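Heads up, the thing below is written out as C-alpha cells.
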Amino acid sequence: MRKRIIVSALLIACICVACGSAGSAGSQAPRPTFVHAVRNPWFPLDPGTTFVYTGEKDGKSGRDIFRVTRRTKRIDGVTCTEVDDRLYAAGHLAERTKDWYAQDTQGNVWYFGEATAELDESGRVASREGSWQSGVDGAKAGIFMPARPTVGQAFRQEYDIGQAEDHFAVVSLDASVIVPYTAAAHALLTKEWTPLEPGVLDHKLYVRGIGTVREESVRGPVERLVLVQVRAVRP
C-alpha cells in the first residue's frame with residue numbers, strides 16, 4: 001500500500017495504540033478482541049464482492065481489480081479476511097497483492113499485512129518490496145479504518161520499519177464526490193503519507209456502505225483511480 005502532520009498528544013496516543021506499541025516499557029495497551037467479518041460501513045469487506053477501478057498510474061492507463069475472497073489467513077493470532085488486488089497498467093498486470101484485514105469488536109478495521117509482487121512487462125516478478133505480516137520480524141498491525149471517523153484523527157495503518165510505514169488522517173466527513181459508480185455529498189476524505197516517500201501525498205474518498213470510491217495523488221507520481229463497477233457474487 002503506497003501512499004508530516006503535527007498532532008496533539010491525544011492523537012499521538014491513538015497512533016501508538018494503532019501500531020500496537022507504546023512510548024515506554026510496560027505501557028502497552030491491551031490487545032483488542034476481533035470478530036470474524038469486516039462490516040465497518042466505511043470499509044465493508046463482503047466475501048464474493050469485486051470492486052473495479054479505472055484511471056491512470058505513472059502516465060499509463062490503469063485498471064485495478066479489488067476482490068474480497070472467501071479465504072482467511074491466521075496472522076498474529078487473528079483470523080483475517082483476504083483480499084486479492086490486481087493492478088493493470090497499459091493493459092498488462094503490473095502488481096498483484098494479497099491484503100489481510102480484520103475488524104475488532106469496537107468496529108475498527110485493522111490491516112495485518114500484505115504479500116505484494118511487482119511484475120515486469122514479461123510477467124516476471126521484479127520486486128516484492130512492501131510485503132509484510134504482523135508478528136513477523138517486529139511488524140505490527142495498524143488501524144486502516146476507525147469505527148467512527150472524526151476529523152483530525154490520525155493513525156498508522158501498518159508498521160514494518162523501513163518496509164511498510166503508511167499513515168492516514170481524516171480530513172472531512174462532508175466531502176463531495178462523483179465517480180462513474182456513485183455520487184455522494186457526505187463522503188469521507190482522508191490523506192495518506194509515508195516517511196519512506198516524503199514527497200508523496202495521496203487523497204482517498206470513501207462512501208458509507210460502499211468503501212473506497214476514489215484515490216488520487218496530491219504530490220508525487222501521478223495516480224488516479226475511480227470506482228466504476230461493483231460486482232457481488234452470492235453463495
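The values are calculated or read from the model by the stated rules, or taken from the named source; none is laboratory data. This structure is a prediction, so every number in the text was calculated from the model and none was measured. Backbone-built Cβ (ideal geometry, glycine too); neighbour counts: all protein chains shown. Heads up: the accessible areas ignore ligands, DNA and RNA and are worked out on the full protein's heavy atoms, side chains in. Shrake-Rupley method; radii C 1.70, N 1.55, O 1.52, S 1.80 Å.
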Residues (within 20 Å of Ala90 (Cβ to Cβ) and open to solvent by 30 Å² or more (accessible area, probe 1.4 Å)) located in region 206-216:
Glu216
If we keep only residues of region 115-126 that are open to solvent by 10 Å² or more (accessible area, probe 1.4 Å) and within 20 Å of the chain's Cα centre (by Cα), then the residue farthest from Tyr88 (Cα to Cα) is Ala115
Quick check on region 175-185. Is at least one of its residues under 18 Å from the mean Cα position of the chain (by Cα), small (Gly, Ala, Ser) and modelled with pLDDT of 95 or more?
no
Can we say His203 is more than 19 Å from Ile65 (Cβ to Cβ), open to solvent by 60 Å² or more (accessible area, probe 1.4 Å) and not in a loop (DSSP other than H, G, I, E, B)?
no
Test of understanding: among Gly142, Gly152, which residue is in a loop (DSSP other than H, G, I, E, B) and either more than 20 Å from Val38 (Cβ to Cβ) or in contact with a helix residue (DSSP H, G or I) (Cβ under 8 Å, 6 or more places away or on another chain) (or both)?
Gly152
